[in-house]
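I have placed the structure first, in the form of C-alpha coordinates, so that the comments after it can refer back to it.
The values are calculated or read from the model by the stated rules, or taken from the named source; none is laboratory data. These numbers come from a predicted model, not from an experiment. Here the Cβ is made from the backbone with ideal geometry for all residues, glycine too, and neighbour counts use every protein chain on show.
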Amino acid sequence: MTDGPHYDHILRGGRVICPASNIDGIMDVAVKAGRIAAVQTDILPSAAREVVDVSGKLVLPGLIDTHGHVYQYVTGRFGMAPDMVGVQSGVTTLVDQGGPSCMTLPGFRHFIAEKAESRCLAFLSAYLVGGLEGHFYPDLYSPDGVDIDATVRSAVANRDLVRGIKAHAEIGGFARWGIRVLEMAAEIGKQSDLPVYVHFGQLWGLPESGTNGEDVDTILERVIPLLRPGDILAHPFTRHPGGFVNREGEVHPVIQAALDRGLKVDVGHGSHFSYRLAKNALAAGIVPTTLGADIHGYNTHVPAPAGTPAEHADDENHPFAGQAKFSLVQAMSSMMALGLTLEQVVPMVTSCPAEMLGLTDTIGALRPGMEADVTVLTELSGRFVLRDNEHTEVIAERLLQPVFCLRAGRRHEAVAPILPQAIAA
Ligand SMILES: [Zn+2]
(Lines give C-alpha, C1' and ligand atoms only; values in the text may rest on other atoms or scores of the structure.)
Protein backbone atom coordinates (compact mmCIF):
# COMPACT_ATOMS: atom_id res chain seq x y z
CA MET A 1 0.00 0.00 0.00
CA THR A 2 1.29 3.48 -0.85
CA ASP A 3 -1.39 5.50 0.89
CA GLY A 4 -0.32 9.06 1.72
CA PRO A 5 -0.57 10.36 5.28
CA HIS A 6 -3.95 9.84 6.84
CA TYR A 7 -4.38 13.43 8.15
CA ASP A 8 -3.63 16.85 6.65
CA HIS A 9 -2.41 18.44 9.89
CA ILE A 10 -1.80 17.53 13.47
CA LEU A 11 -1.64 20.25 16.14
CA ARG A 12 0.64 18.42 18.50
CA GLY A 13 1.09 18.54 22.27
CA GLY A 14 -0.94 21.60 23.25
CA ARG A 15 -3.29 21.94 26.20
CA VAL A 16 -6.62 21.22 24.58
CA ILE A 17 -9.65 22.71 26.35
CA CYS A 18 -13.05 21.83 24.91
CA PRO A 19 -15.76 22.46 27.51
CA ALA A 20 -18.46 20.94 25.30
CA SER A 21 -16.64 17.58 25.21
CA ASN A 22 -15.28 17.79 28.76
CA ILE A 23 -11.70 17.77 27.53
CA ASP A 24 -8.87 19.57 29.32
CA GLY A 25 -5.45 18.04 28.86
CA ILE A 26 -2.36 17.64 26.71
CA MET A 27 -3.60 16.20 23.43
CA ASP A 28 -3.22 16.26 19.69
CA VAL A 29 -5.82 17.52 17.25
CA ALA A 30 -5.85 15.97 13.79
CA VAL A 31 -7.49 17.67 10.83
CA LYS A 32 -8.52 16.13 7.53
CA ALA A 33 -10.25 17.79 4.57
CA GLY A 34 -11.12 20.84 6.65
CA ARG A 35 -12.72 18.85 9.45
CA ILE A 36 -11.68 17.67 12.89
CA ALA A 37 -10.60 14.06 12.43
CA ALA A 38 -9.37 13.13 15.91
CA VAL A 39 -8.72 14.62 19.35
CA GLN A 40 -6.60 12.27 21.43
CA THR A 41 -3.23 11.71 23.04
CA ASP A 42 -0.20 10.62 21.01
CA ILE A 43 -1.42 10.62 17.44
CA LEU A 44 1.45 9.29 15.34
CA PRO A 45 3.27 12.24 13.69
CA SER A 46 3.82 10.11 10.57
CA ALA A 47 0.06 9.97 10.13
CA ALA A 48 -0.03 13.58 8.90
CA ARG A 49 1.24 15.61 5.99
CA GLU A 50 2.15 18.42 8.42
CA VAL A 51 2.78 18.41 12.15
CA VAL A 52 2.53 21.72 14.01
CA ASP A 53 4.17 21.77 17.42
CA VAL A 54 1.84 23.68 19.76
CA SER A 55 3.36 22.44 23.01
CA GLY A 56 3.07 25.04 25.78
CA LYS A 57 0.11 26.62 24.00
CA LEU A 58 -3.66 26.52 24.49
CA VAL A 59 -5.69 24.80 21.78
CA LEU A 60 -9.36 25.81 21.90
CA PRO A 61 -12.43 25.40 19.72
CA GLY A 62 -12.43 28.32 17.24
CA LEU A 63 -13.37 31.40 19.27
CA ILE A 64 -16.83 32.92 18.79
CA ASP A 65 -17.28 36.67 19.22
CA THR A 66 -20.94 37.27 20.11
CA HIS A 67 -20.71 41.02 19.58
CA GLY A 68 -19.05 42.23 16.39
CA HIS A 69 -19.58 45.19 14.07
CA VAL A 70 -18.42 44.06 10.65
CA TYR A 71 -20.94 45.46 8.17
CA GLN A 72 -18.08 47.41 6.64
CA TYR A 73 -18.89 50.57 4.63
CA VAL A 74 -22.61 50.31 5.43
CA THR A 75 -22.59 51.03 9.16
CA GLY A 76 -20.34 54.09 8.97
CA ARG A 77 -17.30 53.99 11.16
CA PHE A 78 -18.76 51.14 13.20
CA GLY A 79 -18.11 48.56 10.52
CA MET A 80 -14.73 46.86 10.79
CA ALA A 81 -13.10 44.67 8.17
CA PRO A 82 -14.52 41.27 9.19
CA ASP A 83 -11.28 39.33 9.01
CA MET A 84 -9.40 41.94 11.05
CA VAL A 85 -11.59 41.21 14.09
CA GLY A 86 -12.08 37.63 12.90
CA VAL A 87 -9.47 35.15 11.76
CA GLN A 88 -6.58 37.67 11.92
CA SER A 89 -7.40 38.10 15.64
CA GLY A 90 -7.78 34.38 16.37
CA VAL A 91 -11.60 34.49 16.10
CA THR A 92 -13.27 32.07 13.69
CA THR A 93 -16.95 33.10 14.13
CA LEU A 94 -18.30 36.64 14.38
CA VAL A 95 -21.82 37.69 15.23
CA ASP A 96 -22.62 41.13 13.88
CA GLN A 97 -24.84 42.72 16.54
CA GLY A 98 -27.57 44.58 14.73
CA GLY A 99 -25.66 45.95 11.75
CA PRO A 100 -27.91 44.46 9.07
CA SER A 101 -31.69 44.93 9.07
CA CYS A 102 -34.47 43.29 7.09
CA MET A 103 -33.75 45.89 4.37
CA THR A 104 -29.96 45.52 4.26
CA LEU A 105 -29.43 41.83 5.08
CA PRO A 106 -28.94 40.79 1.42
CA GLY A 107 -25.94 43.15 1.29
CA PHE A 108 -24.55 41.61 4.47
CA ARG A 109 -24.87 38.17 2.94
CA HIS A 110 -23.29 39.12 -0.38
CA PHE A 111 -20.54 41.55 0.64
CA ILE A 112 -19.64 40.28 4.13
CA ALA A 113 -20.71 36.72 4.94
CA GLU A 114 -19.89 35.26 1.51
CA LYS A 115 -16.59 37.17 1.11
CA ALA A 116 -15.02 36.90 4.56
CA GLU A 117 -12.73 34.07 5.59
CA SER A 118 -14.28 34.35 9.06
CA ARG A 119 -17.68 32.76 9.62
CA CYS A 120 -20.07 35.73 9.82
CA LEU A 121 -23.53 35.53 11.39
CA ALA A 122 -25.89 38.26 12.52
CA PHE A 123 -28.39 39.33 15.09
CA LEU A 124 -30.82 41.18 12.86
CA SER A 125 -31.52 44.77 13.85
CA ALA A 126 -35.05 45.34 15.17
CA TYR A 127 -34.95 48.69 13.32
CA LEU A 128 -35.61 49.05 9.60
CA VAL A 129 -32.39 51.02 9.08
CA GLY A 130 -30.18 48.62 11.02
CA GLY A 131 -27.17 49.67 13.05
CA LEU A 132 -26.29 52.92 11.41
CA GLU A 133 -24.55 55.60 13.41
CA GLY A 134 -27.62 55.98 15.61
CA HIS A 135 -26.02 58.34 18.07
CA PHE A 136 -25.94 60.93 15.29
CA TYR A 137 -29.50 60.25 14.14
CA PRO A 138 -31.54 58.90 17.08
CA ASP A 139 -34.86 59.74 15.39
CA LEU A 140 -34.31 56.79 13.04
CA TYR A 141 -34.80 54.46 16.04
CA SER A 142 -38.38 55.37 17.02
CA PRO A 143 -41.28 52.86 16.97
CA ASP A 144 -42.12 54.23 13.50
CA GLY A 145 -38.81 52.81 12.34
CA VAL A 146 -39.73 49.23 13.34
CA ASP A 147 -41.72 46.83 11.15
CA ILE A 148 -42.42 43.64 13.08
CA ASP A 149 -43.76 41.61 10.13
CA ALA A 150 -40.98 42.55 7.69
CA THR A 151 -38.28 41.80 10.26
CA VAL A 152 -39.80 38.44 11.23
CA ARG A 153 -40.08 37.47 7.55
CA SER A 154 -36.44 38.36 6.90
CA ALA A 155 -35.24 36.50 10.01
CA VAL A 156 -37.20 33.36 9.17
CA ALA A 157 -36.13 33.36 5.51
CA ASN A 158 -32.44 33.75 6.42
CA ARG A 159 -32.07 31.38 9.37
CA ASP A 160 -28.61 30.32 8.18
CA LEU A 161 -27.29 33.83 8.89
CA VAL A 162 -29.75 35.34 11.35
CA ARG A 163 -29.41 33.79 14.80
CA GLY A 164 -31.10 36.49 16.89
CA ILE A 165 -32.56 39.99 17.10
CA LYS A 166 -30.78 43.13 18.37
CA ALA A 167 -32.46 45.97 20.28
CA HIS A 168 -31.50 48.79 22.66
CA ALA A 169 -32.98 49.59 26.08
CA GLU A 170 -31.39 52.89 26.98
CA ILE A 171 -32.46 56.21 28.37
CA GLY A 172 -32.11 58.23 25.15
CA GLY A 173 -34.76 56.09 23.43
CA PHE A 174 -36.94 55.68 26.54
CA ALA A 175 -36.99 59.44 27.11
CA ARG A 176 -38.23 59.97 23.54
CA TRP A 177 -40.64 57.08 23.04
CA GLY A 178 -40.90 55.01 26.22
CA ILE A 179 -40.79 51.21 26.13
CA ARG A 180 -42.70 50.65 22.84
CA VAL A 181 -39.64 49.74 20.72
CA LEU A 182 -38.63 47.07 23.24
CA GLU A 183 -42.11 45.58 23.19
CA MET A 184 -41.88 45.40 19.40
CA ALA A 185 -38.39 43.83 19.49
CA ALA A 186 -39.58 41.21 22.00
CA GLU A 187 -42.49 40.43 19.65
CA ILE A 188 -40.06 39.98 16.73
CA GLY A 189 -38.02 37.57 18.87
CA LYS A 190 -41.11 35.62 19.86
CA GLN A 191 -42.59 35.37 16.35
CA SER A 192 -39.27 34.37 14.77
CA ASP A 193 -38.38 32.17 17.77
CA LEU A 194 -34.95 33.76 18.08
CA PRO A 195 -33.14 35.18 21.11
CA VAL A 196 -33.25 38.96 21.58
CA TYR A 197 -29.98 40.67 22.52
CA VAL A 198 -30.72 43.82 24.48
CA HIS A 199 -28.18 46.60 24.84
CA PHE A 200 -28.29 48.31 28.25
CA GLY A 201 -26.52 51.54 29.17
CA GLN A 202 -26.98 55.02 27.73
CA LEU A 203 -26.10 55.21 24.06
CA TRP A 204 -28.11 57.93 22.36
CA GLY A 205 -28.13 61.49 23.68
CA LEU A 206 -31.13 62.72 25.62
CA PRO A 207 -33.75 64.81 23.79
CA GLU A 208 -33.46 68.59 24.21
CA SER A 209 -36.68 68.68 26.23
CA GLY A 210 -35.28 66.53 29.03
CA THR A 211 -36.09 62.96 29.94
CA ASN A 212 -39.92 62.98 29.98
CA GLY A 213 -39.94 61.71 33.54
CA GLU A 214 -38.00 58.54 32.66
CA ASP A 215 -35.65 57.15 35.32
CA VAL A 216 -32.64 55.29 33.94
CA ASP A 217 -32.56 52.89 36.89
CA THR A 218 -36.07 51.55 36.15
CA ILE A 219 -35.31 50.44 32.57
CA LEU A 220 -33.99 46.97 33.52
CA GLU A 221 -36.96 46.07 35.71
CA ARG A 222 -39.42 47.12 33.00
CA VAL A 223 -37.66 45.39 30.09
CA ILE A 224 -36.83 42.06 31.75
CA PRO A 225 -40.51 40.94 32.04
CA LEU A 226 -40.80 41.29 28.24
CA LEU A 227 -37.96 38.82 27.68
CA ARG A 228 -37.92 35.06 27.32
CA PRO A 229 -35.45 32.43 28.59
CA GLY A 230 -32.43 32.54 26.28
CA ASP A 231 -32.74 36.28 25.63
CA ILE A 232 -29.58 38.19 26.41
CA LEU A 233 -28.87 41.17 28.66
CA ALA A 234 -25.82 42.97 27.25
CA HIS A 235 -23.22 45.36 28.66
CA PRO A 236 -23.79 44.42 32.33
CA PHE A 237 -20.62 46.26 33.34
CA THR A 238 -21.27 49.45 31.39
CA ARG A 239 -19.87 52.69 32.72
CA HIS A 240 -22.90 54.47 31.22
CA PRO A 241 -26.11 54.88 33.28
CA GLY A 242 -28.60 52.01 32.99
CA GLY A 243 -26.42 48.90 33.44
CA PHE A 244 -26.54 46.20 36.12
CA VAL A 245 -25.07 48.49 38.79
CA ASN A 246 -27.36 51.40 39.70
CA ARG A 247 -26.42 54.92 40.70
CA GLU A 248 -26.09 53.83 44.33
CA GLY A 249 -23.43 51.32 43.28
CA GLU A 250 -25.66 48.29 43.93
CA VAL A 251 -26.33 45.43 41.58
CA HIS A 252 -29.93 45.76 40.48
CA PRO A 253 -32.10 43.33 42.50
CA VAL A 254 -33.97 42.06 39.38
CA ILE A 255 -30.84 40.57 37.79
CA GLN A 256 -30.52 37.38 39.82
CA ALA A 257 -34.20 36.54 39.32
CA ALA A 258 -33.78 37.11 35.57
CA LEU A 259 -30.81 34.72 35.44
CA ASP A 260 -32.75 32.15 37.46
CA ARG A 261 -35.49 32.42 34.83
CA GLY A 262 -32.98 31.50 32.08
CA LEU A 263 -31.97 34.90 30.73
CA LYS A 264 -28.33 35.15 29.64
CA VAL A 265 -25.66 37.83 30.07
CA ASP A 266 -23.14 38.98 27.44
CA VAL A 267 -20.23 41.19 28.48
CA GLY A 268 -20.17 43.26 25.26
CA HIS A 269 -16.78 44.55 26.42
CA GLY A 270 -15.90 47.39 24.01
CA SER A 271 -15.86 50.97 25.18
CA HIS A 272 -18.69 50.47 27.69
CA PHE A 273 -16.71 48.20 29.98
CA SER A 274 -15.78 49.39 33.47
CA TYR A 275 -13.47 47.39 35.74
CA ARG A 276 -14.92 49.29 38.71
CA LEU A 277 -18.51 48.17 38.00
CA ALA A 278 -17.48 44.71 36.82
CA LYS A 279 -15.83 44.05 40.18
CA ASN A 280 -19.06 45.09 41.86
CA ALA A 281 -21.25 42.83 39.74
CA LEU A 282 -18.89 39.83 39.90
CA ALA A 283 -18.68 40.18 43.68
CA ALA A 284 -22.48 39.93 43.72
CA GLY A 285 -22.19 36.62 41.87
CA ILE A 286 -23.13 37.82 38.36
CA VAL A 287 -20.99 35.69 36.03
CA PRO A 288 -21.57 36.44 32.33
CA THR A 289 -22.64 33.66 29.98
CA THR A 290 -20.77 34.92 26.93
CA LEU A 291 -18.04 37.49 26.34
CA GLY A 292 -18.50 39.57 23.16
CA ALA A 293 -15.69 42.02 22.37
CA ASP A 294 -17.86 44.80 20.82
CA ILE A 295 -15.01 46.15 18.71
CA HIS A 296 -15.92 48.86 16.23
CA GLY A 297 -14.27 51.65 14.30
CA TYR A 298 -14.77 54.17 17.08
CA ASN A 299 -13.13 52.22 19.89
CA THR A 300 -10.20 51.03 17.80
CA HIS A 301 -8.00 53.29 15.75
CA VAL A 302 -8.56 52.24 12.19
CA PRO A 303 -8.83 54.79 9.39
CA ALA A 304 -12.39 56.04 8.78
CA PRO A 305 -13.76 54.94 5.38
CA ALA A 306 -13.09 57.41 2.56
CA GLY A 307 -15.89 59.97 2.38
CA THR A 308 -16.67 59.96 6.12
CA PRO A 309 -17.78 63.45 7.23
CA ALA A 310 -14.95 65.14 9.14
CA GLU A 311 -16.97 65.53 12.35
CA HIS A 312 -17.62 61.77 12.36
CA ALA A 313 -13.99 60.95 11.72
CA ASP A 314 -12.60 62.69 14.82
CA ASP A 315 -11.34 59.99 17.18
CA GLU A 316 -10.37 61.79 20.33
CA ASN A 317 -13.58 63.64 21.20
CA HIS A 318 -15.96 60.91 20.23
CA PRO A 319 -18.21 59.53 23.00
CA PHE A 320 -17.19 55.95 22.08
CA ALA A 321 -13.47 56.65 21.70
CA GLY A 322 -11.63 53.69 23.15
CA GLN A 323 -8.42 51.90 23.81
CA ALA A 324 -7.22 51.99 20.20
CA LYS A 325 -6.26 48.33 20.14
CA PHE A 326 -8.43 45.49 21.33
CA SER A 327 -9.38 41.87 20.70
CA LEU A 328 -11.69 39.16 21.97
CA VAL A 329 -8.63 37.40 23.40
CA GLN A 330 -7.71 40.59 25.32
CA ALA A 331 -11.28 40.58 26.69
CA MET A 332 -10.60 37.04 27.96
CA SER A 333 -7.51 38.33 29.82
CA SER A 334 -9.65 41.15 31.17
CA MET A 335 -12.08 38.65 32.74
CA MET A 336 -9.20 36.67 34.23
CA ALA A 337 -7.68 39.85 35.70
CA LEU A 338 -11.03 40.30 37.49
CA GLY A 339 -10.66 36.90 39.13
CA LEU A 340 -12.45 34.50 36.78
CA THR A 341 -10.47 31.38 35.91
CA LEU A 342 -9.35 30.35 32.44
CA GLU A 343 -11.70 27.38 32.83
CA GLN A 344 -14.60 29.81 33.40
CA VAL A 345 -13.64 32.09 30.53
CA VAL A 346 -13.09 29.51 27.75
CA PRO A 347 -16.78 28.43 27.68
CA MET A 348 -17.77 32.12 27.31
CA VAL A 349 -16.12 32.20 23.87
CA THR A 350 -16.77 28.60 22.75
CA SER A 351 -19.55 26.33 24.05
CA CYS A 352 -21.85 29.03 25.52
CA PRO A 353 -22.01 31.23 22.41
CA ALA A 354 -22.58 28.09 20.30
CA GLU A 355 -25.60 27.43 22.52
CA MET A 356 -26.79 31.04 22.27
CA LEU A 357 -26.63 30.72 18.47
CA GLY A 358 -28.33 27.31 18.40
CA LEU A 359 -25.26 25.91 16.63
CA THR A 360 -23.78 23.41 19.09
CA ASP A 361 -23.58 20.82 16.30
CA THR A 362 -21.54 23.16 14.09
CA ILE A 363 -19.24 25.38 16.17
CA GLY A 364 -17.82 25.86 19.64
CA ALA A 365 -16.38 22.37 20.11
CA LEU A 366 -13.51 20.18 18.90
CA ARG A 367 -15.49 17.13 17.90
CA PRO A 368 -14.60 14.75 15.06
CA GLY A 369 -16.70 15.53 11.99
CA MET A 370 -17.15 19.23 12.77
CA GLU A 371 -15.47 21.86 10.58
CA ALA A 372 -11.95 22.40 11.90
CA ASP A 373 -12.33 25.80 13.57
CA VAL A 374 -9.48 25.86 16.09
CA THR A 375 -7.81 28.74 17.93
CA VAL A 376 -4.26 28.54 19.33
CA LEU A 377 -3.26 30.98 22.10
CA THR A 378 -0.13 31.66 24.11
CA GLU A 379 -0.33 32.55 27.76
CA LEU A 380 2.22 35.00 29.15
CA SER A 381 2.90 35.09 32.89
CA GLY A 382 4.05 38.27 34.59
CA ARG A 383 2.42 41.57 35.49
CA PHE A 384 0.60 43.35 32.69
CA VAL A 385 -1.45 46.54 32.72
CA LEU A 386 -5.01 46.52 31.40
CA ARG A 387 -6.93 49.79 31.24
CA ASP A 388 -10.62 50.59 30.64
CA ASN A 389 -12.16 53.77 29.24
CA GLU A 390 -12.58 55.26 32.71
CA HIS A 391 -8.77 54.92 32.93
CA THR A 392 -9.09 52.35 35.70
CA GLU A 393 -6.11 50.00 35.60
CA VAL A 394 -5.97 46.39 36.67
CA ILE A 395 -2.96 44.11 36.71
CA ALA A 396 -3.22 40.86 34.79
CA GLU A 397 -0.90 38.09 35.90
CA ARG A 398 -1.83 35.97 32.92
CA LEU A 399 -2.14 37.51 29.50
CA LEU A 400 -3.55 35.55 26.58
CA GLN A 401 -2.52 36.30 23.01
CA PRO A 402 -3.67 34.67 19.76
CA VAL A 403 -1.05 32.86 17.68
CA PHE A 404 -3.09 31.48 14.81
CA CYS A 405 -6.40 29.85 14.04
CA LEU A 406 -7.75 27.29 11.65
CA ARG A 407 -11.01 28.16 9.94
CA ALA A 408 -12.39 25.01 8.30
CA GLY A 409 -8.83 23.66 8.45
CA ARG A 410 -7.24 26.68 6.76
CA ARG A 411 -4.55 28.44 8.77
CA HIS A 412 -4.67 32.20 9.51
CA GLU A 413 -1.91 33.93 11.49
CA ALA A 414 -2.91 36.40 14.22
CA VAL A 415 -1.59 39.51 12.46
CA ALA A 416 -4.46 42.01 12.88
CA PRO A 417 -3.14 45.57 13.37
CA ILE A 418 -5.66 46.09 16.20
CA LEU A 419 -4.17 43.32 18.38
CA PRO A 420 -2.92 44.86 21.64
CA GLN A 421 0.71 44.42 22.69
CA ALA A 422 1.56 43.26 26.19
CA ILE A 423 2.32 46.23 28.49
CA ALA A 424 4.45 45.20 31.47
CA ALA A 425 3.47 46.70 34.84
ZN1 LIG B 1 -21.92 47.07 19.92
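So which of Glu221, Glu187 is over 21 Å from the mean Cα position of the chain (by Cα) and closer than 24 Å to Ala354 by Cα? Reasoning before the result, please.
Numbers: Glu221 fails: closer than 24 Å to Ala354 by Cα.
Residue meeting the stated conditions: Glu187.
Can you name the residue in the stretch 215-242 that is out of contact with any strand residue (DSSP E or B) (no Cβ under 8 Å at 6 or more places or on another chain) and not in a helix (DSSP H, G or I) and is also nearest to His391 (Cα to Cα) among such residues? Before the answer, list the steps.
Applying the first criterion (out of contact with any strand residue (DSSP E or B) (no Cβ under 8 Å at 6 or more places or on another chain)) to the stretch 215-242 yields 215-218, 221-222, 225-226, 229, 240-241.
Those left that are additionally not in a helix (DSSP H, G or I): 215, 229, 240-241.
Values: Asp215: 27, Pro229: 35, His240: 14, Pro241: 17 Å.
For the stretch 215-242, the residue satisfying everything is His240.
Here's the yes/no breakdown for (1) crowded, with 24+ Cβ neighbours inside 10 Å; (2) away from the ligand (no atom under 12 Å from the Cβ); (3) at pLDDT 95 or above; (4) not assigned by TED's automatic domain parsing to the domain that holds Arg163:
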site: Asp53; (1), (2), (3), (4): no, yes, yes, yes
site: Thr66; (1), (2), (3), (4): yes, no, yes, no
site: Gly86; (1), (2), (3), (4): yes, yes, yes, no
site: Ser89; (1), (2), (3), (4): yes, yes, yes, no
site: Leu105; (1), (2), (3), (4): yes, yes, yes, no
site: Arg109; (1), (2), (3), (4): no, yes, yes, no
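When you go through Leu220, Leu203, Leu161 one by one, which is the residue that is buried (at least 16 other Cβ atoms within 10 Å of the Cβ) and within 18 Å of Pro143 (Cβ to Cβ)?
Numbers: Leu220 fails: within 18 Å of Pro143 (Cβ to Cβ); Leu161 fails: within 18 Å of Pro143 (Cβ to Cβ).
Answer to the check: Leu203.
Output the residue which, of all residues in the stretch 55-64 that are assigned to a loop (DSSP other than H, G, I, E, B) and surrounded by fewer than 22 Cβ atoms within 10 Å (Cβ to Cβ), is nearest to the ligand (Cβ to nearest atom).
Of everything passing the filter in the stretch 55-64, Lys57 is nearest to the ligand (Cβ to nearest atom).
Considering Val302, Val265, which residue is within 16 Å of the ligand (Cβ to nearest atom) and not in a loop (DSSP other than H, G, I, E, B)?
Values: Val302 fails: not in a loop (DSSP other than H, G, I, E, B).
So the residue among Val302, Val265 that is within 16 Å of the ligand (Cβ to nearest atom) and not in a loop (DSSP other than H, G, I, E, B) is Val265.
Taking the stretch 134-184 as the region of interest, how many residues are in a helix (DSSP H, G or I) and over 26 Å from Tyr298 (Cα atoms)?
Here is the first cut: in the stretch 134-184, the residues in a helix (DSSP H, G or I) are 138-141, 143-145, 148-157, 171-177, 180-184.
Now restrict to residues that are over 26 Å from Tyr298 (Cα atoms): 143-144, 148-157, 177, 180, 183-184.
Of the residues in that region, 16 qualify.
Given the condition surrounded by fewer than 19 Cβ atoms within 10 Å (Cβ to Cβ) and closer than 24 Å to Gly292 by Cα, answer yes or no: does some residue in the stretch 170-182 qualify?
No, that holds for no residue.
Can we say Ser46 is away from the ligand (no atom under 16 Å from the Cβ) and on the phi < 0 side of the Ramachandran plot? Steps first, answer last, please.
On the way: away from the ligand (no atom under 16 Å from the Cβ): yes; on the phi < 0 side of the Ramachandran plot: yes.
Considered against the rule, which asks whether it is away from the ligand (no atom under 16 Å from the Cβ) and on the phi < 0 side of the Ramachandran plot, Ser46 comes out as yes.
Looking at Asp215, Asp260, which is the one that is surrounded by fewer than 24 Cβ atoms within 10 Å (Cβ to Cβ) and out of contact with any helix residue (DSSP H, G or I) (no Cβ under 9 Å at 6 or more places or on another chain)? Working first, answer last.
Values: Asp215 fails: out of contact with any helix residue (DSSP H, G or I) (no Cβ under 9 Å at 6 or more places or on another chain).
Exactly one residue qualifies, and that residue is Asp260.
When Pro241 is evaluated against the numbered criteria (1) at negative phi; (2) within 15 Å of the ligand (Cβ to nearest atom), which criterion, by number, is the only one it fails?
Going through (1) at negative phi; (2) within 15 Å of the ligand (Cβ to nearest atom) one by one, Pro241 breaks only (2).
Does His199 count as in a strand (DSSP E or B), under 19 Å from the mean Cα position of the chain (by Cα) and more than 19 Å from Gly262 (Cα to Cα)?
Details: in a strand (DSSP E or B): yes; under 19 Å from the mean Cα position of the chain (by Cα): yes; more than 19 Å from Gly262 (Cα to Cα): no.
No.
In the stretch 68-79, what count of residues is obtained for those that are within 12 Å of the ligand (Cβ to nearest atom) and either of a type in the set (D, E, K, R) or in a loop (DSSP other than H, G, I, E, B) (or both)? Give the derivation first.
If we filter the stretch 68-79 for residues that are within 12 Å of the ligand (Cβ to nearest atom), which is where we start, we get 68-71, 75, 78-79.
Of the ones still in play, those that are also either of a type in the set (D, E, K, R) or in a loop (DSSP other than H, G, I, E, B) (or both) are 69-71, 75, 79.
Here the count works out to 5.
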